[in-house]
Amino acid sequence: MRTKIIAACTVAAVVFILFNNLANGDDVQPKDTPDMTVPTQDATSTGQFIALRLRPGSDLRGELEAAAKRHHLRAAAIVTCVGSLNHANLRLANANDSKIIPGKLEIVSLTGTLSPDGVHLHISVSDETGKTFGGHLLKGSEIYTTAEIVIVELPDIAFTREIDADTTYHELMIRPQSS
């Protein structure tokens, strides 16, 4: 018991020191560890929200692409989505082909970005047993009862997709919105 108390106190002391150093702006990275920081793109923006409700039979990805065009979205992100699908069409991790997940499915989460150059969406769905599947959302994922979606538009920035030399994929580029 005494060993457990000493170990807990040691862990608490280390956590306190780390948080105290962070609060004071001190660098807590060990000095013998090289800085592996990769340049990051970031920008700030105000937000405006768009709420959608999709009806049975609608194509989830197709409707999101249409909403992005209809609202002239230069940069936007999915805030939340709840609903259900008749089936899901996904591209799973590191796969080239799509996979249809059959049956009535609950949308557990939907996340991603929307831009004039396209959308990048990931979805998780669960079946009647609770088994969960996830991957890139493709066209052909049909709404069963509803999809209630909130999108945030970021009017002060613009998203584009350009080939990244490191990944060789069309990756998100973040830029200030030109007037």
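The values are calculated or read from the model by the stated rules, or taken from the named source; none is laboratory data. Only a predicted model underlies this, so the values are computations on that prediction, with no experimental measurement involved. Cβ placement follows ideal geometry from the backbone for every residue including glycine, while neighbour counts extend to all protein chains displayed.
Quick look at the values:
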| quantity | calculated |
| --- | --- |
| Subset of region 37-67 [farther than 16 Å from D156 by Cβ and surrounded by fewer than 14 Cβ atoms within 10 Å (Cβ to Cβ)] | T37, V38, P39, T40, A51, R53, R55, P56, G57, A66 |
| Enumeration of residues in region 156-179 that are hydrophobic (A, V, I, L, M, F, W, C) and in contact with a His (Cβ under 8 Å, 6 or more places away or on another chain) | I163, L172 |
| Matching option when the condition is under 16 Å from the mean Cα position of the chain (by Cα) and more than 22 Å from E171 (Cα to Cα), among T46, T80 | T80 |
| Those residues of region 65-97 which are touching a Ser or Thr at 6+ places or on another chain (Cβ under 9 Å) and either in a loop (DSSP other than H, G, I, E, B) or of a type in the set (D, E) (or both), in sequence order | L73, R74, A75, L92 |
| Qualifying position, being under 29 Å from A165 (Cβ atoms), of a type in the set (G, A, S) and either assigned to a strand (DSSP E or B) or modelled with pLDDT of 95 or more (or both), among G112, G57, G62 | G112 |
| Region 142-170: number of residues that are more than 15 Å from A77 (Cα to Cα) and part of a strand (DSSP E or B) | 9 |
| Test: residue in region 123-130 that is of a type in the set (G, A, S), part of a strand (DSSP E or B) and under 18 Å from E171 (Cα atoms) | no |
| Filtered residue count, region 141-179, keeping only those that are among the small types (G, A, S) and in contact with a helix residue (DSSP H, G or I) (Cβ under 9 Å, 6 or more places away or on another chain) | 2 |
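Here is a yes/no grid of residues against (1) among the charged types (D, E, K, R); (2) surrounded by fewer than 16 Cβ atoms within 10 Å (Cβ to Cβ); (3) under 28 Å from S178 (Cα atoms); (4) touching a strand residue (DSSP E or B) at 6+ places or on another chain (Cβ under 7 Å):
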| position | (1), (2), (3), (4) |
| --- | --- |
| K69 | yes, yes, yes, no |
| H72 | no, yes, yes, no |
| A75 | no, no, yes, yes |
| A93 | no, yes, no, yes |
| D97 | yes, yes, no, no |
| G135 | no, no, no, yes |
| L138 | no, no, no, yes |
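Residues checked against (1) at pLDDT below 95; (2) more than 18 Å from the chain's Cα centre (by Cα); (3) hydrophobic (A, V, I, L, M, F, W, C):
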{"position": "L137", "(1), (2), (3)": "no, no, yes"}
{"position": "V150", "(1), (2), (3)": "no, no, yes"}
{"position": "E153", "(1), (2), (3)": "no, no, no"}
{"position": "F159", "(1), (2), (3)": "no, no, yes"}
{"position": "I163", "(1), (2), (3)": "yes, yes, yes"}
